[in-house]
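Working notes, beginning with the structure itself.
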Amino acid sequence: MHENPVEDIDIDSKTTLADLNSQFAKAGGFVAAKVATATSIIQDMNQGECTKFLSFPADIMATGTRGLLRQFVEKGMTDVIVTTCGTLDHDIARVLSDYYHGDFVMDDQKLRKKGVNRLGNVLVPDESYGIPIENWIQPILSELYDKDKRWIPWRIWHEFGLRLADEEKGSESLLATCAKKGIKVFVPGPTDGAVGSQLWMFWQTHKDFTLDILAEEHELSDIVHEADSTGAIMVGGGISKHHTIWWNQFRDGLDYAVQVTTAPEWDGSLSGARVREAVSWGKVQPKARRITVEGDATVLLPLILGPLL
């Protein structure tokens, strides 16, 4: 207390993300100070033998933030990804087609008549989503089925990644980068999205086609129990965040935890729950380096991760 005075931010056209992040640490500025702390924690996570988790919901994959996540994987700064089915949907769809800029206050009835879906201020035309995904996935599922009838889900996503790499825009794919780097992508809710619906459709005519979800859970268990230490960057909440902290409770909690969220904690949601709450559940260790950074991940993640890339 009373040891570190607040300093003013001083930037110009030559200021880098690393420079700005360093100034955030000295300037305070409410969330700015948390941004600097988050960067410092992630930097510590990347020292030594820490097993690093990255969890996030699908919505940011519909934005340019996908490129940042891809870079993060490319740089070897995560070991495990836990996400939702929509991440598969958007990654595949954006390799095959384009999404477009829109606005939060567009007329949604008019958009529906035009066959355009609105995701916040991102526009996803029907022709960029469902049909291209179906046409691309179904032949691949037939190939996989001929090889084996039982599949651990992350291995299917790995196969998708290998094939996305061969597409014209394959270098933009997160799944392709994960496949190249040998990063397992865990989707604990694999049927909750377009890709999941395609799996269900394939199953209609191939009833012995099986997703071995429990075998996948066993692999997650091995990762957690074999880790010297664990850390997580968690965007938002929901099943991706919960699955990350749930498994880490079996090793007495995460050693490092960074969460970025827009949600309030007073509604009891997991998205709003600060990482300090997870300490009470044994999902984050009491002495863990931890921080919750409030705000939009599409703005905050470049500020937090940028200096490390």
Q. Pairs under 8 Å by beta carbon, first residue assigned to a loop (DSSP other than H, G, I, E, B) in the range 146-164, partner acidic (D, E), six or more apart or different chains?
A. K149/D208; I152/D212; I152/E216; I152/E219
**Q.** Where P190 falls short, out of the listed (1) assigned to a helix (DSSP H, G or I); (2) touching a residue at least 40 places away in the same chain (Cβ under 8 Å); (3) within 22 Å of R70 (Cβ to Cβ); (4) not β-branched (V, I, T)
**A.** (1)
Q | Residue in the range 194-210 that is closer than 21 Å to R289 by Cα, assigned to a strand (DSSP E or B) and not small (G, A, S) present | A | no
Q) Only one of (1) under 20 Å from the mean Cα position of the chain (by Cα); (2) within 23 Å of K149 (Cβ to Cβ) is not met by K180, so which one is it? A) (2)
Q) Which members of the range 123-145 meet the condition of being buried (at least 16 other Cβ atoms within 10 Å of the Cβ), assigned to a helix (DSSP H, G or I) and β-branched (V, I, T)? A) I133, I137, I140
Q: Collect the residues in the range 211-242 that are touching a Cys at 6+ places or on another chain (Cβ under 6 Å) and surrounded by fewer than 19 Cβ atoms within 10 Å (Cβ to Cβ), keeping them in residue-number order.
A: S229
Q: Filter the range 165-187 down to residues that are acidic (D, E) and in a loop (DSSP other than H, G, I, E, B) and give me whichever is farthest from T51 (Cα to Cα).
A: E168
Q: Consider only pairs whose beta carbons are under 8 Å apart and that are at least six residues apart or on different chains; among these, list those whose first residue lies in the range 288-309 and is on the phi < 0 side of the Ramachandran plot and without any contact (Cβ under 8 Å) to a residue 40 or more places away in the chain and whose second residue is in a strand (DSSP E or B) and not hydroxyl-bearing (S, T, Y).
A: A288/L254; A288/D255; A288/A257
Q: Just one of (1) aromatic (F, W, Y); (2) touching a residue at least 24 places away in the same chain (Cβ under 8 Å); (3) more than 23 Å from G231 (Cβ to Cβ) trips up F104, so point out which.
A: (2)
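Could you list, in sequence order, all residues of the range 240-287 that are part of a loop (DSSP other than H, G, I, E, B) and hydroxyl-bearing (S, T, Y)?
Of everything in the range 240-287, those that are part of a loop (DSSP other than H, G, I, E, B) and hydroxyl-bearing (S, T, Y) turn out to be T262, S269, S271.
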Q: Look at the range 217-239 and say how many of its residues are out of contact with any Phe, Trp or Tyr (no Cβ under 6 Å at 6 or more places or on another chain) and either farther than 21 Å from T298 by Cβ or part of a strand (DSSP E or B) (or both).
A: 14
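No lab work stands behind these numbers, since they all come straight from the coordinates. All of these numbers come straight from a predicted model, not from anything done at the bench. Note that each Cβ is placed from the backbone with ideal geometry, even for glycine, and that neighbours are counted across all protein chains shown.
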